[in-house]
1. Tell me whether region 122-134 contains one or more residues that are surrounded by fewer than 15 Cβ atoms within 10 Å (Cβ to Cβ), near the ligand (Cβ under 9 Å from one of its atoms) and in the same structural domain as PRO61 (by TED's automatic domain parsing).
2. Considering only residues that are within 14 Å of the ligand (Cβ to nearest atom) and touching a Ser or Thr at 6+ places or on another chain (Cβ under 7 Å), which ones fall in region 51-76?
3. Going by the structure shown, is ALA254 closer than 30 Å to PRO138 by Cβ and either in contact (Cβ under 8 Å) with a residue 24 or more places away in the chain or touching an Asp or Glu at 6+ places or on another chain (Cβ under 6 Å) (or both)?
4. Scan region 214-230 residue by residue and report those that are within 10 Å of GLU171 (Cβ to Cβ) and small (Gly, Ala, Ser).
5. Within region 92-121, which residues are over 22 Å from ILE33 (Cβ atoms), in a strand (DSSP E or B) and within 12 Å of the ligand (Cβ to nearest atom)?
6. Please go through region 123-170 and pick out each residue that is of a type in the set (Lys, Arg) and within 13 Å of LEU112 (Cβ to Cβ).
7. Do you know which residues across region 240-276 are assigned to a helix (DSSP H, G or I), aliphatic (A, V, I, L, M) and in contact with a helix residue (DSSP H, G or I) (Cβ under 7 Å, 6 or more places away or on another chain)?
8. Taking the stated definitions as given, is GLU279 charged (D, E, K, R), outside the structural domain of CYS184 (by TED's automatic domain parsing) and touching a Leu at 6+ places or on another chain (Cβ under 7 Å)?
Amino acid sequence: MVTKETRGWDNYWKRGALHSCVSASDKQKQQEINDFWRGIYAQFPDDIASLDIGTGNGLLPSLAVTYANEQEYDWEIHGVDLADIDPVRDVPAAQDILDQVNFQGRVAAEDLPFKAGYFDLVTSQYAIEYSDMARSIPEMVRVLRKGGIFCAILHSHNSIVVAQNNENAQEADYLLKSDIFTECKDLLSLMLSRKEAEGGIYNQYVENLVRLSESYPSPLSMNIIPVMQNSLMEIMKLSRKYHPQQVLEMVDNARRRLSEQRDLLRDLVSSALDEVKLEELLVQLKSLNFELIHEEKFSIGQENVMLGHYIQLKKR
Ligand SMILES: C[S@@+](CC[C@H](N)C(=O)[O-])C[C@H]1O[C@@H](n2cnc3c(N)ncnc32)[C@H](O)[C@@H]1O
C-alpha cells in the first residue's frame with residue numbers, strides 16, 4: 001500500500017500536458033527525446049507486451065503505439081501511474097493514439113496489478129526514481145519475463161532538467177514567502193468595494209508585481225515569477241467581469257496551484273540520482289539477475305545537453 005500525496009500530479013495531468021519535466025515549448029528537445037524512444041521501440045519485434053511505469057498522460061505509450069501501428073505490429077501497451085490519470089479524456093489532441101493504450105491510474109510502481117513474467121519491455125521516463133525503489137524495482141522485475149528488457153531515463157543530480165527545476169522551485173518559494181498574494185487580495189477587495197480611486201489602486205497593484213522581479217536575487221534566470229505576474233495581472237483585468245468573491249478565489253487558486261507546483265519541483269529535485277545512488281541501483285539490478293546493456297548520460301543536441309541517466313538492462 002502506497003499512501004503518497006498525489007494531488008499535485010492529479011491536477012497536473014488533468015490540465016492536459018502529454019509529458020512533464022521538459023518544457024512543452026521546447027519542441028526541438030522533445031523531438032529528440034521522442035526519436036530516442038523510437039530507437040528503443042525499434043529493437044522489438046511483433047506481438048510484445050510493454051508497460052510504462054509512472055506514465056503520466058502517456059507520452060511513452062503514445063510513441064509505442066505510433067511505432068507499432070507503422071510496423072503493423074500487434075503490441076499490447078500498458079501505462080500505469082500513482083496519480084489519478086485519464087489520458088484519453090485529458091489529452092483530446094492525442095485521443096486516437098491514447099485510446100489504443102491500457103491505462104490505469106492509482107497504481108503504485110511498488111504494487112503492480114500484473115501477473116509475473118507478463119511483459120517483454122518495461123519503461124520509465126523520470127518516474128520510477130520517485131517511488132520507493134527498494135520495493136518498486138523487485139516489482140518491475142517480477143512482471144518482466146526472462147529475457148525481457150528494462151529501459152529507463154532517470155533524473156540525474158547534474159542534469160539541466162534538475163538545475164532548471166531547482167531554480168524554478170526557489171522562485172516558487174520566493175513568491176510563496178512574499179506578501180504578494182495577500183497584497184493583491186487587499187487591493188482587489190478595496191477596488192471591488194470602490195473605497196478608493198481605481199487608478200491609484202491599479203498603479204499600486206502593478207508596482208507590487210514589478211517589485212517582485214526587481215527584488216529577486218537572480219533576475220536573469222526568472223521563469224515562474226513572470227508567469228505569476230501575468231496571472232495576477234489577468235485577475236486584475238478580469239475583476240470587473242466576476243463576482244468579488246470569485247475574483248478573490250482566483251488569487252487563492254493561483255497561490256494553491258503554485259504551492260502544488262513547488263512541491264512537485266522539490267520532489268523532482270530530491271528524486272535525482274547522483275553517481276552513488278545510480279551505482280546502488282545498478283548493483284540492486286545485477287543482484288536481481290539483470291545484465292547491463294547500456295548505462296550512459298542521456299544527452300541531446302549539438303551541445304550535448306544532459307537530461308539524465310539512461311539505463312537499459314536485460315533480465316536473465
Ligand atoms: C515526472 S513525472 C513523469 C511522467 C512521464 N513518465 C513523462 O515522462 O512525462 C513522474 C510521474 O511518476 C508518478 N509517480 C510518482 N511516484 C509513483 C509511484 N510510487 N508509483 C507510480 N507512479 C509514481 C507521478 O504521479 C508522475 O506522474
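The values are calculated or read from the model by the stated rules, or taken from the named source; none is laboratory data. Worth saying up front: this structure is predicted, and the values here are computed from it rather than measured. Cβ atoms come from the backbone with ideal geometry, glycine included; neighbour counts cover every protein chain shown.
1. Yes, some residue in region 122-134 is surrounded by fewer than 15 Cβ atoms within 10 Å (Cβ to Cβ), near the ligand (Cβ under 9 Å from one of its atoms) and in the same structural domain as PRO61 (by TED's automatic domain parsing).
2. Across region 51-76, the qualifying residues are ASP52, ILE53, GLY54, GLY56, LEU60, PRO61, ALA64.
3. no
4. SER218, SER221
5. GLN104
6. ARG135, ARG142
7. Within region 240-276, VAL247, LEU248, MET250, VAL251, ALA254, LEU258, LEU264, LEU265, LEU268, VAL269 qualify.
8. no
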